[in-house]
Amino acid sequence: MAESESTPAATAPQASASSPAGSPPPTTAPAAAASTPASPSAAEQPAADAPIAVDSNPIYHPQPLEDDDDNDSSLGDENALSTASISSSILQYRKLHGRTYHNFGGADKVEYWAPNDDAQNDQLDINHHLLNLALDNKLFFAPLSKPTRVLDVGTGTGMWAIDFADEFPDCEVTGIDLSPIQPTWVPPNCKFELDDASQPWTFPDNHFDYIHFRYMIGCFKDWPAVYREAYRCLKPGGWIEHLDCTADVLSDDGSLPKDTVFVEWKKVFKEAGEKMGQTFEVVDNDNYVGWLKEAGFKDVKNTIIKTPVGSWPADPKWKEVGQFNQYMLDGGIEGLGLYIITNVLGWKYEEMQVFIAKVRAGLKNKNWHSYCVWGAAWGQKPYDE
Ligand SMILES: C[S@@+](CC[C@H](N)C(=O)[O-])C[C@H]1O[C@@H](n2cnc3c(N)ncnc32)[C@H](O)[C@@H]1O
């Protein structure tokens, strides 16, 4: 098994207060598909070693969610779990303090912690935009060339899948998710299916050229098992990639005091992940790198991307990323915390609101040059498997 190769962490964006505007951008683009010679499929490519340069068990339900009484229960069989069957329970969203949550296969089968309502879906779309800005519109780090069949696991509002389908019009892109929150007007080579990726996958062996995960922390009890399903469904030579974040809000220049509300924010996610048995520490300590190797992937590489919060960076690109990040977090922070803080950790709703208000104020503090941490890891299914 090849050792993972960690590329240098992204250079922290420069603070406007301490460095002149227009300083060199802290990141360069990852290896692009266009730079790799054309060939029939990614799975037929040798393990490319293109340089990547980026600076830069039991489900815990202490409190039942309120049922949504308005839904029609005559839609079908509640027990079927496959890509071919949409059970009525999927459409019976659960409600918690005015927000809606998925209800895939019944509340005791799968636990996803963020709302699936318009407010949170807007947050996903803004996040997609700011990641595109941060990564110079590169949708992947793996050395792909002409992939023909691609899977996006936990596709959310499907923005990544749609962009990928646009970039590779000859590739069939499938996005799967627990919630039917994807648009209907999509490129002809893009489709969405409802599926629970924590169950054994219904896709055949050796099927995809590339399988992509993004922003899936806290979603699975057994990441190595999920990666093993991806391994099985990838063609020999195919690539897996996982881009995700930590719950950290950090600073590199000492502007962030050690005892801010962000320390408690991180602790909340750690404790909730432990209680749910679904860790939020995926990128932390390169955990995902270890799990990818455990699942059999080779040539595993990873990198870190720091997304500033607010308009403090001098560099215009990172300033824009920071502005979108702050806007996204300001609107999305309640949705990120509501379920895990009240339903998993058992805080009172009012306590949660006070805490969220403090986090929101911290995110707006102009004196703190803070950033969020994202990481990407990618690896290849060997040809000789
Ligand atoms: C934070 S969102 C990220 C969405 C998208 N990947 C993105 O980057 O914008 C996580 C998504 O994973 C989906 N999800 C969570 N658990 C899942 C599971 N077991 N199977 C399929 N999708 C799941 C959720 O419904 C949600 O849409």
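Just one of the numbered conditions (1) out of contact with any helix residue (DSSP H, G or I) (no Cβ under 6 Å at 6 or more places or on another chain); (2) more than 8 Å from the ligand (Cβ to nearest atom) is not true of M216: (2).
Among the numbered conditions (1) within 16 Å of the ligand (Cβ to nearest atom); (2) surrounded by fewer than 21 Cβ atoms within 10 Å (Cβ to Cβ), the only one that G237 does not meet is (1).
Residues in the range 356-385 that are out of contact with any strand residue (DSSP E or B) (no Cβ under 6 Å at 6 or more places or on another chain) and small (G, A, S) were compared, and the one that is surrounded by the fewest Cβ atoms within 10 Å (Cβ to Cβ) is A361. Cβ-Cβ contacts under 7 Å between residues 6 or more apart (or on different chains), taken from a first residue in the range 218-245 that is at pLDDT below 95 to a second residue that is of a type in the set (S, T, N, Q) and surrounded by fewer than 19 Cβ atoms within 10 Å (Cβ to Cβ), are listed as K221/N57. Only one of the listed residues (D166, D136, D117, D195) is within 11 Å of the ligand (Cβ to nearest atom) and either in contact with a Lys or Arg (Cβ under 8 Å, 6 or more places away or on another chain) or under 30 Å from D299 (Cβ atoms) (or both). That residue is D195. Pairs linking a residue in the range 149-174 that is under 14 Å from D195 (Cα atoms) to a residue that is basic (K, R) and away from the ligand (no atom under 11 Å from the Cβ), with Cβ atoms under 6 Å and 6 or more positions apart or on different chains, are T174/K191.
Checked against the criterion of being farther than 20 Å from K366 by Cβ, assigned to a strand (DSSP E or B) and either among the acidic types (D, E) or in contact with a Phe, Trp or Tyr (Cβ under 7 Å, 6 or more places away or on another chain) (or both), the range 281-299 has at least one qualifying residue. Residue pairs whose Cβ atoms lie under 9 Å apart, separated by 6 or more positions or on different chains, with the first residue in the range 321-334 and within 8 Å of G310 (Cα to Cα) and crowded, with 20+ Cβ neighbours inside 10 Å and the second modelled with pLDDT of 95 or more and of a type in the set (K, R), are Q326/K364. With respect to the conditions (1) within 11 Å of the ligand (Cβ to nearest atom); (2) farther than 19 Å from S145 by Cα; (3) buried (at least 20 other Cβ atoms within 10 Å of the Cβ); (4) of a type outside the set (F, W, Y), T246 falls short on a single one, namely (1). Across the range 219-234, the qualifying residues are those that are out of contact with any Gly (no Cβ under 9 Å at 6 or more places or on another chain) and of a type in the set (F, W, Y), and the one among them that is farthest from the ligand (Cβ to nearest atom) is W223.
Filtered by the rule that a residue be in contact with a helix residue (DSSP H, G or I) (Cβ under 7 Å, 6 or more places away or on another chain) and either away from the ligand (no atom under 13 Å from the Cβ) or at positive phi (or both), the range 139-163 gives L144, S145, K146, P147, V150, G156.
When the range 198-213 is filtered for residues that are within 12 Å of the ligand (Cβ to nearest atom) and under 23 Å from D163 (Cα atoms), the ones remaining, listed by number, are H212, F213. Number of residues in the range 305-355 that are part of a loop (DSSP other than H, G, I, E, B) and in contact with a strand residue (DSSP E or B) (Cβ under 7 Å, 6 or more places away or on another chain): the value is 3.
The values are calculated or read from the model by the stated rules, or taken from the named source; none is laboratory data. Note that the structure is predicted; figures quoted are calculated from it, not measured. Heads up, the Cβs are rebuilt from the backbone with ideal geometry, glycines too, and the neighbour counts pull from every protein chain shown.
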